[in-house]
Amino acid sequence: MNDYLVKALAFDDQVRIYCVRSTNTLNTIGERLNYYPSALAAVGRVLSVGTMMGAMLKNQETVTINVHGNGPIGKIIVDANAHGEVRGYCDNPHVHFEYHNVGKLNVRDTVGDTGFISVIKDLQLKEPFIGTIPIINGELGEDFAYYFNVSEQVPSAVSLGVLVGTDNRAIAAGGFIIQLLPNASEEVVDKLEKLIANLPSVSSLLSNGESCEDIIKRISGNDHRILDTIPVTFKCNCSRERFEKGLISLGPGELEEIITSDGKADVVCHFCGNEYHFDKEQLEGLYNEAKASIVAKASIDAKASKETSNEAKDE
Ligand code: ZN
């Protein structure tokens with residue numbers, strides 16, 4: 001079963017619903033670095049909400065989510081776009097906590113209960129949109145609901161879930177977001193609250209073989225229309241050019257040190273594990289570019305200060 005996402009409008013277009021299944025995409029990420037169960041659950045939850053937030057964008061817009069709690073997993077980063085392409089990683093995938101006696105994965109102790117979540121949207125404008133909220137719960141569903149309510153001022157409910165098997169692979173991962181549109185009536189809010197209150201967890205619904213369409217049907221009481229269905233895939237947009245730029249940004253001093261001490265650089269992409277090798281000659285080329293960019297910047301600065309001093313003289 002491939003991963004996918006469904007967008008729908010419910011109750012006469014008064015409510016918007018997103019639902020995603022991201023099991024395979026999460027396993028693609030988890031397998032590479034042998035994730036432990038609660039780390040896989042934490043990254044899976046961010047992956048699901050990120051994929052749905054990507055689906056709220058259009059064309060070439062992108063979103064980056066950074067969950068930075070005080071838990072041992074460190075940072076969790078997820079990038080997504082409007083086409084269901086998503087990637088994610090965490091600082092430390094070898095973390096595992098369970099709640100005592102219930103055998104339930106403990107995402108809060110994995111992520112931490114203080115810290116922040118930032119959402120950076122590149123809307124192809126001059127400046128990106130950045131929204132930051134404190135972590136209020138650490139289980140993440142409630143935290144992202146808080147983000148939508150406070151930072152985007154859209155009343156929202158967020159449910160995220162990951163069920164992990166004994167082989168440390170996700171059996172089911174996914175989630176849904178329900179958003180009230182400005183025209184939502186009290187009556188619809190009441191109806192929705194009753195329907196959601198009786199809903200089993202999203203990971204149990206998905207692991208029982210329910211589709212995103214089935215889950216939307218439960219949320220809306222079958223009073224909805226599907227707007228869009230998008231395939232969800234793991235995709236990393238790293239490239240040799242990006243890493244070249246990164247190396248150049250280290251500056252000539254640090255590059256010179258790499259050239260004299262190692263004579264080469266092997267860089268690994270955190271997201272997909274692709275390796276990029278730079279030999280001595282290539283590093284020297286980047287060193288020259290770094291030096292040239294500093295000279296160019298210095299001449300612009302000199303020109304600017306000359307113009308300023310001319311202005312000063314005119315006064
Ligand atoms: Zn990559």
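Report yes if residue 229 is under 30 Å from residue 169 (Cβ atoms), open to solvent by 50 Å² or more (accessible area, probe 1.4 Å), at pLDDT 95 or above and within 16 Å of the ligand (Cβ to nearest atom), otherwise no. When the stated conditions are applied, residue 229 does not pass them.
Condition test on residue 287, is it surrounded by 11 or more Cβ atoms within 10 Å (Cβ to Cβ), at negative phi and touching a strand residue (DSSP E or B) at 6+ places or on another chain (Cβ under 8 Å)? Working first, answer last.
Working: surrounded by 11 or more Cβ atoms within 10 Å (Cβ to Cβ): yes; at negative phi: yes; touching a strand residue (DSSP E or B) at 6+ places or on another chain (Cβ under 8 Å): no.
No, not satisfied.
Report yes if some residue within region 142-151 is over 22 Å from residue 58 (Cα atoms), open to solvent by 70 Å² or more (accessible area, probe 1.4 Å) and assigned to a loop (DSSP other than H, G, I, E, B); otherwise report no. Looking for residues that are over 22 Å from residue 58 (Cα atoms), open to solvent by 70 Å² or more (accessible area, probe 1.4 Å) and assigned to a loop (DSSP other than H, G, I, E, B), one finds none in region 142-151, hence no.
Just one of (1) more than 16 Å from the ligand (Cβ to nearest atom); (2) assigned to a helix (DSSP H, G or I); (3) open to solvent by less than 50 Å² (accessible area, probe 1.4 Å) fails for residue 29. It is (1).
Residue-by-condition table, conditions (1) in contact (Cβ under 8 Å) with a residue 24 or more places away in the chain; (2) among the aliphatic types (A, V, I, L, M); (3) open to solvent by 80 Å² or more (accessible area, probe 1.4 Å):
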{"residue": "239", "(1), (2), (3)": "no, no, no"}
{"residue": "247", "(1), (2), (3)": "yes, yes, no"}
{"residue": "252", "(1), (2), (3)": "yes, no, no"}
{"residue": "257", "(1), (2), (3)": "no, no, yes"}
{"residue": "268", "(1), (2), (3)": "no, yes, no"}
{"residue": "273", "(1), (2), (3)": "yes, no, no"}
{"residue": "276", "(1), (2), (3)": "yes, no, no"}
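Of all residues in region 256-274, those satisfying the criterion of being farther than 19 Å from residue 91 by Cβ and either within 9 Å of the ligand (Cβ to nearest atom) or in a strand (DSSP E or B) (or both) are 265, 266.
For residue 66, the conditions (1) under 18 Å from the mean Cα position of the chain (by Cα); (2) open to solvent by 60 Å² or more (accessible area, probe 1.4 Å); (3) of a type outside the set (A, V, I, L, M) are fulfilled apart from (2).
What is the one condition in (1) at positive phi; (2) within 16 Å of the ligand (Cβ to nearest atom) that residue 238 does not satisfy? So the condition that residue 238 fails would be (1). Within region 99-131, the set of residues being touching a helix residue (DSSP H, G or I) at 6+ places or on another chain (Cβ under 7 Å) and under 28 Å from residue 24 (Cα atoms) comprises 105, 106, 107, 110, 111, 117, 119.
Of all the criteria given as (1) surrounded by fewer than 23 Cβ atoms within 10 Å (Cβ to Cβ); (2) touching a Phe, Trp or Tyr at 6+ places or on another chain (Cβ under 6 Å); (3) under 17 Å from residue 175 (Cβ atoms), the one not satisfied by residue 49 is (1).
Would you mention how many residues in region 152-173 are open to solvent by 70 Å² or more (accessible area, probe 1.4 Å) and either under 23 Å from residue 81 (Cα atoms) or touching an Asp or Glu at 6+ places or on another chain (Cβ under 6 Å) (or both)? So the count comes out to 1.
The values are calculated or read from the model by the stated rules, or taken from the named source; none is laboratory data. Everything quoted here is computed from the prediction, not taken from an experiment. A quick note on method: Cβ atoms are made from the backbone with ideal geometry, for glycine too, and the neighbour counts reach across all protein chains shown. All accessible areas refer to the heavy atoms of the entire protein, side chains included, with ligands and DNA or RNA removed. Shrake-Rupley method; radii C 1.70, N 1.55, O 1.52, S 1.80 Å.
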